[in-house]
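See structure below.
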Amino acid sequence: MHIHAYEKLWLALSIVLILALIGTVTYGAVGPGVAMVADSQSTVDPGALDEDDRFSEPRVEQVGENEYEAYVVAYQFGFEPTPIVVPANSTVTLHVTSRDVIHGFEVAGTSANAMAVPGEVSEITVETDEPTEYGIVCNEYCGAGHHVMEGKLNVVSQSEFENRGGDSE
Amino acid sequence: MGQSEAVNAPTDDVGGDGEEFDPIGTLTLIGIYFTILVLAWVYIYFIEFLGRDLVVVG
């Protein structure tokens, strides 16, 4: 079978392209460590979040040197706690769940984006940089007030975080 | 397809081995598409996606 030289060329290029697409995604996972929301978290009873260790009191707590855990509950129509206050230059693991219907949890303008599903816990770990303020939006239609459902994620300096005190206890 | 090519191949390939068929315009177009695709992918992945704040790492 005769194959024209140009055809061989673009067959080769299309294979290179496929390998490059797979390669960049592999690089993302190995280099910067980009990860997905896993299903490894234990489930919760969405009707009894107030009796749950993690979500009875939505909060941010320190769990290690420069490591923090945030427990966030989405509801119609908002997020608890609001604002979520975390220190700059730290590793923050967000645990997000819902106590009523499916919500979205998107830190606007960033890659932090998860679903908040009743009974399930979405766990995403992010690294904060400089102090700044982000908006949080619900990106799953959740009812009549969906368009006003918003939260705040405030990244504050370490000293300011310590001064606030209450948020870490 | 394979069958008809097997039948036609000898007569087709007797001459200039398809050398007069030189789709340089198609090659150029595919080259441009390929370049756009590669640049768009680099921009979307490395600049827009990895360049944003709060990359999910776990």
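Only the coordinates and a few stated rules stand behind these numbers; no lab work does. All values reported here derive from a predicted model rather than from experimental measurement. Please note: Cβ atoms are built from the backbone with ideal geometry, for glycine as well, and neighbour counts cover all protein chains shown.
The range A:18-59 to the range B:21-49: how many Å between their Cα centroids?
So the two Cα centres are separated by 34 Å.
Just want to confirm a number: the relative contact order over the range A:96-169, from Cα pairs under 8 angstrom separated by 6+ residues, in percent. It would help to have the intermediate numbers written out before the result.
Details: 115 pairs, mean separation 20.8, N = 74.
Value for the range A:96-169: 28 percent.
With each pseudo-label sitting 7 Å past Cα toward Cβ, what's the A:GLU61-A:THR132 distance in nm, one decimal?
2.9 nm
Can you tell which of A:GLU67, A:GLU130, A:GLU80 shows the greatest fluctuation in a Gaussian network model of chain A with Cα springs below 10 Å?
Comparing A:GLU67, A:GLU130, A:GLU80 in a Gaussian network model of chain A, the most mobile one is A:GLU130.
Residue separation times 0.36 nm, minus the C-alpha to C-alpha distance between A:THR43 and A:ASP100: what's the value?
Details: separation 57, 0.36 × 57 = 20.52 nm, distance 1.45 nm.
The A:THR43-A:ASP100 span can extend by a further 19.1 nm.
About its Cα centre, how strong a charge dipole does the range A:1-129 have in debye, to the nearest 20, once Lys and Arg get +1 and Asp and Glu get -1 at the Cβ?
Values: 4 positive and 19 negative charges, 175 e Å.
Computed charge dipole of the range A:1-129: roughly 840 debye.
Non-local amide H neighbours of A:ILE136 (under 5 Å, H modeled in plane, Pro and chain starts lacking H): which ones?
Result for A:ILE136 returns A:ALA108, A:GLY151, A:LYS152, A:LEU153.
Along the Cα-to-C-beta direction of A:ASN89, a point sits 7 Å from the Cα; which residues of the range A:113-146 have their amide N less than 17 Å from that point?
A:127-132
Would you mind working out the magnitude of the charge dipole of the protein assembly as shown relative to its Cα centre, with +1 at each Lys and Arg C-beta and -1 at each Asp and Glu C-beta, to the nearest 20 Debye? Walk me through the numbers before you get to the answer.
Values: 7 positive and 36 negative charges, 72 e Å.
Result for the protein assembly as shown is approximately 340 debye, rounded to the nearest 20.
Once the dipole of the protein assembly as shown is set up with Lys and Arg at +1 and Asp and Glu at -1 on Cβ about the Cα centre, which of A:THR128, B:PHE46, A:VAL156 lies farthest towards its positive end?
B:PHE46
Okay, helix-only estimate at 222 nm for chain A: each DSSP H run of n ≥ 4 adds -39500 (n - 2.57), divide by all residues, round to 500 deg cm²/dmol; what do you get?
Values: 2 runs with 33 residues, N = 169.
Computed mean residue ellipticity for chain A: -6500 deg cm²/dmol.
If each residue of separation counts as 0.36 nm, what is the full-extension length gain between A:ALA35 and A:SER157 once their alpha-carbon separation is subtracted? Let's see the in-between values first.
Working: separation 122, 0.36 × 122 = 43.92 nm, distance 2.61 nm.
In short, 41.3 nm is gained.
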